[in-house]
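Enquirer: Questions regarding the structure given below will be posed in turn.
The values are calculated or read from the model by the stated rules, or taken from the named source; none is laboratory data. In this text, all values refer to a predicted model and were calculated from it rather than measured experimentally. For neighbour counting, all protein chains shown are included, and Cβ atoms are generated from backbone atoms with ideal geometry for every residue, glycine included. Just so you know, the surface numbers come from the protein's heavy atoms only, side chains and all, with ligands and any DNA or RNA stripped out. Shrake-Rupley method; radii C 1.70, N 1.55, O 1.52, S 1.80 Å.
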Amino acid sequence: MATTTRPAPTVGFDLDMTLIDSRPGIRACYLALTERTGTYVDADLAVTRLGPPLEQELANWFPADEIAATAELYRAMYPTYAVAATPALPGAREAIAAVREAGGRAIVVTAKYEPNAKLHLEHLGMEPDAVIGDLWAERKAVALREHGADVYVGDHLGDVRGARTAGACSVAVASGPCSEEELRAAGADAVLSDLTEFPEWLAAYREGLDAARA
């Protein structure tokens, strides 16, 4: 017997350049890090390639034996310099609301240091059902599977890989460093210009699941 009840989705969202425009805050923190350590970091360049773990970026500027300590310093400085300077991206709040209105759960899975990720969301008044940090690319699949995510939304090729590894539908938004063409080529199931298009996409996705179940 066919059912007309739409499944309630669990949707995972990346944070940097998906829900928030973290470039101003991260730029400010890198400038402060340069002043604190005396080691030059090209902050304008660094914010064009957000997504991978902090240590990968620091490796471009610091000797290998200094990266762990510098990452710890950066994360300690981050709340002072980055949180208040970081706005939500267009459609971010509405995307989370769309999941909730569908009866689903919205989680955040990010490579960012988890305490700092939570500070961003608290500052912006966004309240996902769970926040899981310190996971990048394929490792994001650990949290996505644990929470039963049907969909994962992100802006980076690594986010596409994480979704596919988890067996989740990969929705890519071209609001970060990767173009729509790159995201499609990486295997994203859907590519949106930004999160303002997500509520309509989610409604169509759920209708498609209904049709498949009928």
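Enquirer: Where residues in segment 171-214 are of a type in the set (D, E, K, R), at pLDDT 95 or above and in a helix (DSSP H, G or I), which of them is least open to solvent (accessible area, probe 1.4 Å)?
Expert: Glu180
Enquirer: Another one. In segment 30-58, which residues are open to solvent by 30 Å² or more (accessible area, probe 1.4 Å) and among the aliphatic types (A, V, I, L, M)?
Expert: Leu31, Leu45
Enquirer: Return the residues of segment 60-78 that are in a loop (DSSP other than H, G, I, E, B), open to solvent by less than 70 Å² (accessible area, probe 1.4 Å) and of a type outside the set (A, V, I, L, M, F, W, C); say none if nothing qualifies.
Expert: Pro63
Enquirer: In segment 185-205, what count of residues is obtained for those that are under 18 Å from Gly162 (Cα atoms) and in contact (Cβ under 8 Å) with a residue 12 or more places away in the chain?
Expert: Residues in segment 185-205 being under 18 Å from Gly162 (Cα atoms) and in contact (Cβ under 8 Å) with a residue 12 or more places away in the chain: 7 in total.
Enquirer: Further question: Can you run down the residue pairs with Cβ atoms below 8 Å, 6 or more apart or on separate chains, where the first is in segment 68-97 and within 18 Å of Glu57 (Cα to Cα) and aliphatic (A, V, I, L, M) and the partner is modelled with pLDDT of 95 or more and in a loop (DSSP other than H, G, I, E, B)?
Expert: Note: pairs meeting the criteria are Ala82/Ser22.
Enquirer: So, in segment 13-29, exactly how many residues are open to solvent by less than 10 Å² (accessible area, probe 1.4 Å) and either β-branched (Val, Ile, Thr) or assigned to a helix (DSSP H, G or I) (or both)?
Expert: 5
Enquirer: Let me ask something else about it. List pairs: first residue in segment 10-22 and in contact (Cβ under 8 Å) with a residue 12 or more places away in the chain and aromatic (Phe, Trp, Tyr), second residue assigned to a loop (DSSP other than H, G, I, E, B) and open to solvent by 10 Å² or more (accessible area, probe 1.4 Å) anywhere in the structure, Cβ distance under 9 angstrom, at least six positions apart or on different chains.
Expert: Between residues of segment 10-22 that are in contact (Cβ under 8 Å) with a residue 12 or more places away in the chain and aromatic (Phe, Trp, Tyr) and residues that are assigned to a loop (DSSP other than H, G, I, E, B) and open to solvent by 10 Å² or more (accessible area, probe 1.4 Å), the close pairs are Phe13/Pro128.
For (1) more than 22 Å from Leu202 (Cα to Cα); (2) open to solvent by 10 Å² or more (accessible area, probe 1.4 Å); (3) under 12 Å from the mean Cα position of the chain (by Cα), each residue gets a yes or a no:
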| position | (1), (2), (3) |
| --- | --- |
| Thr80 | yes, yes, no |
| Ala85 | yes, yes, no |
| Arg100 | no, yes, no |
| Thr110 | no, no, yes |
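Enquirer: Going through segment 112-128 one residue at a time, which ones are in contact with a helix residue (DSSP H, G or I) (Cβ under 9 Å, 6 or more places away or on another chain) and open to solvent by 20 Å² or more (accessible area, probe 1.4 Å)?
Expert: Those that are in contact with a helix residue (DSSP H, G or I) (Cβ under 9 Å, 6 or more places away or on another chain) and open to solvent by 20 Å² or more (accessible area, probe 1.4 Å): Lys112, Tyr113, Pro115, Leu119, Leu124, Gly125, Glu127, Pro128.
Enquirer: Specify the residue that is surrounded by the fewest Cβ atoms within 10 Å (Cβ to Cβ); the eligible residues are those in segment 131-141 that are under 15 Å from Ala166 (Cβ atoms) and in contact (Cβ under 8 Å) with a residue 24 or more places away in the chain.
Expert: Of everything passing the filter in segment 131-141, Glu138 is surrounded by the fewest Cβ atoms within 10 Å (Cβ to Cβ).
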